[in-house]
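Step one of this worksheet: look at the structure below.
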Amino acid sequence: MIEHYNELVYYIYRMVGDKEKAKDIIQEAYSRMLVIDKRTPVKNKRAFLYKLARNIAIDQARREKNASSIIYEEEEHSIPIEEQPEEQVCQANQQELLLQILATLPEKNQQAFTLHILEGFSRKEIAEKMGVSVGAVEKHIIRASEKLKEKMQRKLGIK
């Protein structure tokens, strides 16, 4: 967990504008993390530390009646959402889940979907590789896409 210390300090420093205060927040986040991790093991410690540190910084700012300056700083210097650690972790988890679900699909659906979506082959090239018609390839891709969507939504609790 300590390997994330410097990046966490920098992340919080950008929010609060004071390096010592950022270090204090990170120290508190680490101590809370240790307590929480003993009760319920945390799978992704890095993402949890980021969220915990951010929440501590916001809580402190509220206590100090200084929330508006933190919000301004965060908006001014934040990185795009797709590059934020929490989002990257979420995307990695979703990709892992997608691959797990893909492995449960029928072989032809799985093969057509993988070749087209993940590897970029055209439907015609896939038809030649699989020894089936282009129409059959399209049906396999559609069935795989529908099953993946359905199972992903069920796993993620989305309607």
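The values are calculated or read from the model by the stated rules, or taken from the named source; none is laboratory data. These figures come from a predicted structure and were not determined experimentally. Note: ideal-geometry Cβ built from the backbone for every residue, glycine included; neighbour counts use all protein chains shown.
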The number of residues in the range 1-26 that are in contact with an Asp or Glu (Cβ under 6 Å, 6 or more places away or on another chain) and among the hydroxyl-bearing types (S, T, Y) is 0
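Regarding L115, is this residue at pLDDT below 90 and surrounded by 14 or more Cβ atoms within 10 Å (Cβ to Cβ)?
Spelling it out, it is not the case that L115 is at pLDDT below 90 and surrounded by 14 or more Cβ atoms within 10 Å (Cβ to Cβ).
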